[in-house]
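Here the structure comes first, spelled out in structure tokens, and everything after it is commentary.
The values are calculated or read from the model by the stated rules, or taken from the named source; none is laboratory data. These numbers come from a predicted model, not from an experiment. Reconstructed Cβ throughout: ideal geometry from the backbone, glycine too, with neighbour counts over all protein chains shown. All accessible areas refer to the heavy atoms of the entire protein, side chains included, with ligands and DNA or RNA removed. Shrake-Rupley method; radii C 1.70, N 1.55, O 1.52, S 1.80 Å.
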Amino acid sequence: MREIPGRRRRLLFRRSDGRPEPIGAALTYATEWQWPVLPGVAGDPQGHSRCSCPDPDCTVPGAHPFDPGLLAATTDGRMVRWWWSNRPTAPIVLATGGKAPCAVSLPAAPAARALKVLDHAGMRLGPVVASPTRWAILVKPYSMEQLGELLYAKDFVPGSLRFHGEGGYLALPPSETGQGEIRWERAPLPGSASPWVPDVEAVVDAVVEALTRTGVSAPEF
């Protein structure tokens, strides 16, 4: 029977339960979408909610870079394959900014409510990454100066919003972290060379309005 290379590659990057292997997703991000990635620090096997990094109070256990550091993030397929061949269960961490997307994140419960409001209003969103505690809306790259001007112009910005911009990072699916499984709440459209993402201004304006309308003003973690 004639082999179809693409089909075989997808099969090789599937676990026995049918879920995708991190190495396959990491290679897609790096080589097809040109998003710089690197392996995240592993969770502490002695405690699922703890991190194996030296910080005992780590707030994002297993969902951040450690060794190698963030500056090692790359789109080189050979490096990505070597990393995940040696650490097959390592979380996939995106280095945000530059040519890669940035993100705006907020707690999961208000995020779900906000997305419903935005959908009702006809707001077009790109991919949304979800952990059990927070959801992150991917946006076009932005500078800290651009973000500062955007926030300064607002009368109110919920304290629950976080911004993953230049020099930041975000765990991508299908990662397992101390916070739980990282998945797509809104998955990228299949077959796209690189997923479309909206401008940060449109997302912040819409999310702040949606959170205000749903009564979410205090920080939630």
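Things worth noting here:
- Within segment 109-135, tally of residues that are within 17 Å of Glu181 (Cβ to Cβ) and either touching a Lys or Arg at 6+ places or on another chain (Cβ under 6 Å) or not in a helix (DSSP H, G or I) (or both): 9
- So Leu138, is it assigned to a strand (DSSP E or B), closer than 27 Å to Ile92 by Cα and either of a type in the set (Asp, Glu) or in contact with a strand residue (DSSP E or B) (Cβ under 8 Å, 6 or more places away or on another chain) (or both): yes
Listed here are the residues, each with its yes/no results for (1) open to solvent by 60 Å² or more (accessible area, probe 1.4 Å); (2) of a type outside the set (A, V, I, L, M, F, W, C); (3) at pLDDT 80 or above.
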| site | (1), (2), (3) |
| --- | --- |
| Pro22 | no, yes, yes |
| Ala26 | no, no, yes |
| Pro36 | no, yes, yes |
| Pro39 | no, yes, yes |
| Arg50 | yes, yes, no |
| Thr59 | yes, yes, no |
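- Any hit, segment 148-170, residues being of a type in the set (Ser, Thr, Tyr) and within 25 Å of Trp35 (Cα to Cα): yes
- Close contacts from segment 184-199, counting a first residue that is within 24 Å of Leu150 (Cβ to Cβ) and a second that is assigned to a loop (DSSP other than H, G, I, E, B) and of a type in the set (D, E, K, R), with Cβ to Cβ under 8 Å and a gap of 6+ residues or different chains, come to Val197/Lys140; Pro198/Arg124; Pro198/Lys140; Asp199/Lys140.
- When each of Ala112, Ala103 is tested for being of a type in the set (A, V, I, L, M, F, W, C) and more than 19 Å from Tyr169 (Cβ to Cβ), the lone residue that passes is Ala112.
- Checking each residue in segment 64-75 for being loosely packed, with under 13 Cβ neighbours inside 10 Å and part of a loop (DSSP other than H, G, I, E, B) picks out Asp67, Gly69.
- Pairing each residue of segment 131-150 that is closer than 20 Å to Gly62 by Cα and open to solvent by 20 Å² or more (accessible area, probe 1.4 Å) with any residue that is in a strand (DSSP E or B) and modelled with pLDDT of 90 or more, provided the two are 6+ apart or on different chains, yields C-beta distances under 6 Å for Arg134/Ser105; Arg134/Pro107; Trp135/Val128; Trp135/Glu185.
- Once segment 144-170 is narrowed to residues that are assigned to a strand (DSSP E or B) and closer than 14 Å to Gly97 by Cα, the residue that is nearest to the chain's Cα centre (by Cα) is Leu170.
Quick grid of which residues meet (1) buried (at least 20 other Cβ atoms within 10 Å of the Cβ); (2) under 17 Å from the mean Cα position of the chain (by Cα); (3) farther than 24 Å from Ala187 by Cβ:
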residue	(1), (2), (3)
Gly62	yes, yes, no
Asn86	no, no, yes
Ile92	yes, yes, no
Ala95	yes, yes, no
Val117	no, no, no
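- Scope segment 119-130; condition farther than 24 Å from Thr31 by Cα and either open to solvent by less than 20 Å² (accessible area, probe 1.4 Å) or among the basic types (Lys, Arg) (or both); matching residues: Arg124
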